[in-house]
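The values are calculated or read from the model by the stated rules, or taken from the named source; none is laboratory data. In this text, all values refer to a predicted model and were calculated from it rather than measured experimentally. We place every Cβ from the backbone using ideal geometry, glycine too, and count neighbours over all the protein chains shown.
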Amino acid sequence: MKQQKISGLQLFYVIVGFELGSAIILGIGSGAKQDAWLAILISMVFGLILMWVFTQLSLYYPNDTFISMLPKIIGKYLSYPIILIYIFYFIFLAATVCRDFGDLISSTMLVETPTVVVIVSFMWLIIYCLRGGVEAFVRMGEMVFPIYFISLIVLWMLLLSVEDFNLNNLTPIMGNGFKPILKEVYPGIINFPFGEMIIIMMFTPYVNNKQIIRKAGMAVILVGGLILTLNSILILSVLGPEIYADNFFPFLTATQMVSIADFLERFDALVILMMVSGVFFKVGGCTFAAAVAISQLGKLHHTKSVLLGLGTIIPPLSLIFATNFVEYLNFAYGYLIPYFFVPLQIIVPIILLCIAIIRKKLNLGNSA
């Protein structure tokens with residue numbers, strides 16, 4: 001891929017969109033009931049620590065993506081299987097988010113349209129954008145994020161007008177003790193969405209000012225974490241902890257309760273549009289990361305053909321790993337997050353940083 005440059009602000013827009021993605025519409029932290037917002041807030045602190053790890057690696061190897069820095073840290077032969085695993089990780093993450101998107105759209109707006117049609121159409125729109133390069137992708141972030149944020153503020157104000165809105169739904173704080181909160185923090189919310197911010201290392205080589213990478217990364221965690229926390233507080237205040245815990249898309253359900261003078265209703269369409277834009281950046285980011293990783297592994301000069309291949313692979317993969325949304329959630333929280341995401345998003349980056357620090361201390365340079 002031709003080397004293109006992006007600004008720190010463009011990086012912020014895209015990665016925040018990636019972080020919010022499907023997380024803002026799903027009921028993350030629901031196992032903690034009325035303390036879901038507290039679980040998100042605590043997880044955000046650990047997310048800041050993880051972001052420090054990610055950005056430190058990027059600052060050690062400023063011209064390398066996460067994939068291209070692996071041989072320089074642990075050697076060519078040891079890095080090869082790890083790179084393959086991360087390529088599968090990026091592809092699989094894109095497929096899971098596509099599945100979230102497809103199930104939501106098929107069950108709400110396009111009920112007569114097969115899920116596969118929704119996913120394929122959306123995937124090829126993303127491929128079309130990514131073929132324009134990373135600059136075209138991040139410019140979408142510049143245009144979409146302000147609209148996304150304004151829409152979110154409007155929805156929050158509308159939730160305040162719901163007749164059933166009651167802050168007492170948040171009490172008693174820690175009424176079930178700290179254990180349910182801890183179970184939601186780890187391995188759940190730390191990995192989804194904060195651990196997924198490992199994707200930032202696939203964009204950092206394109207940033208024109210390397211010194212701003214850490215500031216942009218920390219801002220992503222703080223802004224995204226606070227948005228998710230406040231969003232959870234408002235939804236809990238409208239729905240209550242029991243409905244919040246049992247609902248697949250609580251933000252959508254809460255918005256459907258908005259009715260102004262029995263005339264202005266159906267604001268859930270705005271939530272769907274937010275979901276579309278958020279998922280665009282999440283699936284697009286994962287697909288971009290996978291394409292760059294495959295190109296660097298195969299020493300390819302262009303990613304356009306790789307992107308076409310990924311656009312063909314991801315939609316069917318999103319449909320075959322689970323027959324329905326409930327089965328997918330059980331698989332994700334029972335196996336995917338603890339046994340797949342934890343090693344790739346937490347353990348491996350920390351080990352790599354420790355090795356990189358030792359190499360720097362011993363002045364071993366960047367050689368494999």
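Only one entry in 188, 225 is in contact with a Gly (Cβ under 7 Å, 6 or more places away or on another chain) and in contact (Cβ under 8 Å) with a residue 40 or more places away in the chain, namely 225.
Scan 14, 53 and give me the residue that is surrounded by 24 or more Cβ atoms within 10 Å (Cβ to Cβ) and touching a residue at least 40 places away in the same chain (Cβ under 8 Å).
On the way: 53 fails: surrounded by 24 or more Cβ atoms within 10 Å (Cβ to Cβ).
Selected residue: 14, the only one of 14, 53 that is surrounded by 24 or more Cβ atoms within 10 Å (Cβ to Cβ) and touching a residue at least 40 places away in the same chain (Cβ under 8 Å).
Contact map, the range 143-161: residues that are over 17 Å from residue 21 (Cα atoms) paired with residues that are β-branched (Val, Ile, Thr) and surrounded by fewer than 16 Cβ atoms within 10 Å (Cβ to Cβ), Cβ distance under 9 Å, separation 6+ or inter-chain. Pairs shown: 158/260; 161/260.
If you go through the range 360-368 one residue at a time, do you hit one that is free of Cβ contacts under 8 Å to residues at least 60 places away in the same chain and closer than 18 Å to residue 134 by Cα?
Just the residues of the range 360-368 that are free of Cβ contacts under 8 Å to residues at least 60 places away in the same chain, to begin with: 361-365.
Filter again for closer than 18 Å to residue 134 by Cα, leaving none.
Within the range 360-368, none of the residues are free of Cβ contacts under 8 Å to residues at least 60 places away in the same chain and closer than 18 Å to residue 134 by Cα.
Among the residues of the range 326-350, those identified as modelled with pLDDT of 95 or more, farther than 18 Å from residue 184 by Cβ and touching a helix residue (DSSP H, G or I) at 6+ places or on another chain (Cβ under 8 Å) are 344, 348, 349, 350. Kindly indicate whether any position in the range 182-189 is within 15 Å of the chain's Cα centre (by Cα), crowded, with 21+ Cβ neighbours inside 10 Å and in a helix (DSSP H, G or I). Yes, the range 182-189 has at least one match. Listed conditions (1) closer than 14 Å to residue 91 by Cα; (2) out of contact with any helix residue (DSSP H, G or I) (no Cβ under 9 Å at 6 or more places or on another chain); (3) of a type in the set (Ser, Thr, Tyr) are all met by residue 323, apart from (1). Close Cβ contacts (under 8 Å, 6 or more residues apart or on different chains) running from residues in the range 78-96 that are on the phi > 0 side of the Ramachandran plot and free of Cβ contacts under 8 Å to residues at least 60 places away in the same chain to residues that are among the acidic types (Asp, Glu) and buried (at least 22 other Cβ atoms within 10 Å of the Cβ) are absent. Against the list (1) within 30 Å of residue 66 (Cβ to Cβ); (2) assigned to a loop (DSSP other than H, G, I, E, B); (3) of a type outside the set (Val, Ile, Thr), the condition residue 266 fails is (1).
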